[in-house]
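Right, one structure below, let's go through it.
The values are calculated or read from the model by the stated rules, or taken from the named source; none is laboratory data. All values derive from a computational prediction rather than experimental measurement. Cβ atoms come from the backbone with ideal geometry, glycine included; neighbour counts cover every protein chain shown.
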């Protein structure tokens, strides 16, 4: 893991205790390098935020962590990502297995149309062929963890799309939680929501980190400061591909950034 | 400001706008004229033939001095239902599965090649399918048959079903697919449990349209099904079909049969139009998205 120490501006906890280790990962769209070689460790049961200007590869990097990047035409990854020491890009590893351990919440709430609230939550369990009674219990558990249970308990059989935007996003979170992932990736989960709904999502993130590792991409620097323990700042390099400029404990990143680029971005001078 | 809005240029723009609007409305009306003419004329000529007897009897031989009505077209209705029904049975699964492939695996060279072939196939004159079926089936087994006609129609229906299925599946939002994939669903499972149910009514539309198209085809049946004056349920012998009957009866020297040809044509128009209207209602109440 010597590479991790290579960039002096990356001050993440040691890779030994890390939940996820990004090891020499380079991401491409076709021949174009989208995210330059990245070496970084993501600490366990902490919230790590990825910030940076539009188009710097935040979402691409996030999506590569549960192998969603390769589902986009031309999407391709080189290097390794170690989940508890296992390389998820190992040819012997089925991406399906990776995605069951690493859940995802998208920018736009995407509840499944023509499916009820309960079905939306249990869809991930159906894939495993879980029994009916067990499913009901799991749906309740997941909705409670997503702080949505009280609002939907008497209309579980109504369509998921009938909920408000904020509720839909919590429904999607419940859907991801139902399969009991150990890590959840969030791609700007609150950018389509109003301030109150955003606040609820942020509260949830702080609660969930008690037993889940969370990585969140956000445009909103205040949000990163509020919810995250660690922050990664990404920016475009001179070759036009994205890369991690600086990473470390959120408090330090926002008060005493090492890099001039980080400082400029955080103080609002660009981006 | 006022001056700018009512200036000469503005007035010219309004004028051109009106002129264009009139032209497009006119063009629309002109393009609708043939449709209205055909429907009105066919109805005028054919509606007189329609009767319970027309729908429930088969052909009755005519001789001079005989005041026979020529019977009915039941044998042709049954023939059309069996021939087109059977080809639907073959074409629907092939077309739907090909459509799924084109929509869910769009990038590779195989799907590009298939899409091109499907387009060529859909532009092919229908008689070519008929002749092919004639050479490959009728000549081999030395017998005209409803089956050979069905195969000729399958060639016609598959591209229609394939392309509508593909288009409809493309309308299913990518975010729904991602939701399932991110939960660790394999691709086949995502397609089967998430994508297909959302597109079901649209796929049904494509199948119905293909049915309507095939039901009205004459050319491929001419050289394969041949025609039959008797009621038969045997798919492997010569059969009768509505468009075929209409064509054959126009060649006959008997006024009664000429009249029946109009009746059969009208019946076809009603069936095809009915299916199309049904499809409209179907898709309006249950939109694919």
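Here residue B:143 qualifies as more than 30 Å from residue B:51 (Cβ to Cβ) and not in a helix (DSSP H, G or I). Scan the stretch A:71-101 for residues that are facing another protein chain (nearest Cβ under 9 Å) and either touching a strand residue (DSSP E or B) at 6+ places or on another chain (Cβ under 8 Å) or not in a helix (DSSP H, G or I) (or both) and the total you get is 5. So, in the stretch A:19-59, exactly how many residues are assigned to a loop (DSSP other than H, G, I, E, B) and either buried (at least 22 other Cβ atoms within 10 Å of the Cβ) or over 19 Å from the mean Cα position of the chain (by Cα) (or both)? Adding up the residues that qualify gives 5.
Taken over the stretch A:102-136, the criterion of being more than 8 Å from every other protein chain (Cβ to nearest Cβ), surrounded by fewer than 18 Cβ atoms within 10 Å (Cβ to Cβ) and in contact (Cβ under 8 Å) with a residue 60 or more places away in the chain is satisfied by A:107 alone.
All conditions but one from (1) away from chain A (no Cβ under 14 Å); (2) in contact with a helix residue (DSSP H, G or I) (Cβ under 6 Å, 6 or more places away or on another chain); (3) buried (at least 19 other Cβ atoms within 10 Å of the Cβ) apply to residue B:231; the one that does not is (3). Within the stretch B:196-224, the set of residues being surrounded by fewer than 20 Cβ atoms within 10 Å (Cβ to Cβ) and within 14 Å of chain A (Cβ to nearest Cβ) comprises B:196, B:197, B:200, B:201.
A search for C-beta distances below 6 Å between a residue of the stretch B:102-122 that is within 14 Å of chain A (Cβ to nearest Cβ) and any residue that is surrounded by fewer than 12 Cβ atoms within 10 Å (Cβ to Cβ), counting only pairs 6+ apart in sequence or on different chains, returns B:107/A:73.
Evaluate the stretch B:259-280: report whether one residue or more is more than 21 Å from the chain's Cα centre (by Cα) and either away from chain A (no Cβ under 14 Å) or farther than 30 Å from residue B:180 by Cβ (or both). Checked the stretch B:259-280: at least one residue is more than 21 Å from the chain's Cα centre (by Cα) and either away from chain A (no Cβ under 14 Å) or farther than 30 Å from residue B:180 by Cβ (or both).
Scan B:178, B:217, B:167 and give me the residue that is at pLDDT 90 or above, closer than 30 Å to residue B:58 by Cβ and in the same structural domain as residue B:78 (by TED's automatic domain parsing). Talk me through it step by step, then tell me what you get.
Details: B:178 fails: closer than 30 Å to residue B:58 by Cβ; B:167 fails: closer than 30 Å to residue B:58 by Cβ.
Only one candidate qualifies: B:217.
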